[in-house]
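> Take this structure, written in structure tokens, and hold onto it; I'll ask about it next.
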Amino acid sequence: MGLMAARRLPKGTRVNPVRLGWAIEEPRKDVIDDLAKRAGVSSAVVLEAIIDHIQPDIPTVGLPSWMLKNQGALPIPQAS
């Protein structure tokens, strides 16, 4: 099976596109890239879909409850 180019949004679709200038951990980027590959779309399209999916859960003020769970807590390594 040959490689297929990821479907991208049609040229001119985005109104105000920006390049992201921040880094995320590679395993998390791999998740986005894998979903994109399976869907046949670009990683940007997957990230936008994730944001669209969670946006209803984001309050206009404060943080969503899933971000508050560990707010102010230091990560504690698991005992081996």
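Bear in mind that the values in this text are calculations on the coordinates, not laboratory data. Keep in mind it's a predicted model, so treat the numbers as computed, not measured.
> Can you list the HN-Hα couplings for the stretch 33-41, worked out from phi with the Karplus curve (6.51, -1.76, 1.60; θ = phi - 60°), rounded to whole Hz and with x for Gly and Pro?
My calculation for the stretch 33-41 gives 4, 5, 4, 4, 4, 5, 8, x, 10 Hz in order.
> Identify all aspartates and glutamates with a Cα-Cα distance to residue 37 below 17 Å; exclude those on the same chain that are fewer than 8 residues away in sequence.
Partners within reach: 26, 48.
> Quick one: what are the phi-derived ³J(HN,Hα) couplings along the stretch 15-23, Karplus 6.51/-1.76/1.60 with θ = phi - 60°, whole Hz, x for glycine and proline?
My calculation for the stretch 15-23 gives 7, 9, x, 10, 8, 7, x, 10, 10 Hz in order.
> Separate question: Please list, in chain and number order, the residues 5+ apart from residue 41 or on another chain whose amide H is under 5 Å from its amide H, with Hs placed from the backbone.
7
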